[in-house]
Amino acid sequence: MPEGRGFRSRNFLMKIRDARNGNWFWVENALIDRDDLNIYEKTLYMTFCRFVDKNSKCRPSLQAISTAAGFSKRKAADTIKSMIEKGLIEKKRRITENGDPTSNEYTVLSAVEKRVV
């Protein structure tokens, strides 16, 4: 992997090269290699990678996610749920100071499949 910073992702240290000074981003080869992921999960994972900050976190609205990925809000919501189940992302619900819901915070985790032994 390229040089960069690291963070813990469910006992897996993932290195990310932050080179967002251009119009491109990195995604792990493992994402493409995984045969347990469908095209929606792979597309949405890449969409989240495009949104993340230096801490692999992002807060896009469901509308922004679905628009960027090119599918409906319902499909995006269903895909987010399956990505959480597969350990690709974590979701944290957020609320405003007034107690109203706002966009969720997502953490992008490593796409390397975790094998259960």
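The values are calculated or read from the model by the stated rules, or taken from the named source; none is laboratory data. Predicted model only: the values in this text are computed from it and were never measured. Using ideal geometry, Cβ is built from the backbone for each residue, glycine included, and neighbour counts are taken over all protein chains shown.
Among ILE39, ILE65, which is the only one that is closer than 24 Å to ASN23 by Cβ, touching a helix residue (DSSP H, G or I) at 6+ places or on another chain (Cβ under 8 Å) and not charged (D, E, K, R)?
Of ILE39, ILE65, the one residue that is closer than 24 Å to ASN23 by Cβ, touching a helix residue (DSSP H, G or I) at 6+ places or on another chain (Cβ under 8 Å) and not charged (D, E, K, R) is ILE65.
Do you know which of the residues in the stretch 87-103 that are surrounded by 10 or more Cβ atoms within 10 Å (Cβ to Cβ) and among the β-branched types (Val, Ile, Thr) is nearest to ASP36 (Cα to Cα)?
ILE89
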* Structure fact -> Of the listed residues (ASN55, ASN38), the one being farther than 24 Å from THR102 by Cβ and surrounded by fewer than 14 Cβ atoms within 10 Å (Cβ to Cβ) is ASN38
* Taking the options SER82, SER56, SER103, name whichever one is under 14 Å from the mean Cα position of the chain (by Cα), among the hydroxyl-bearing types (Ser, Thr, Tyr) and modelled with pLDDT under 95. => SER56
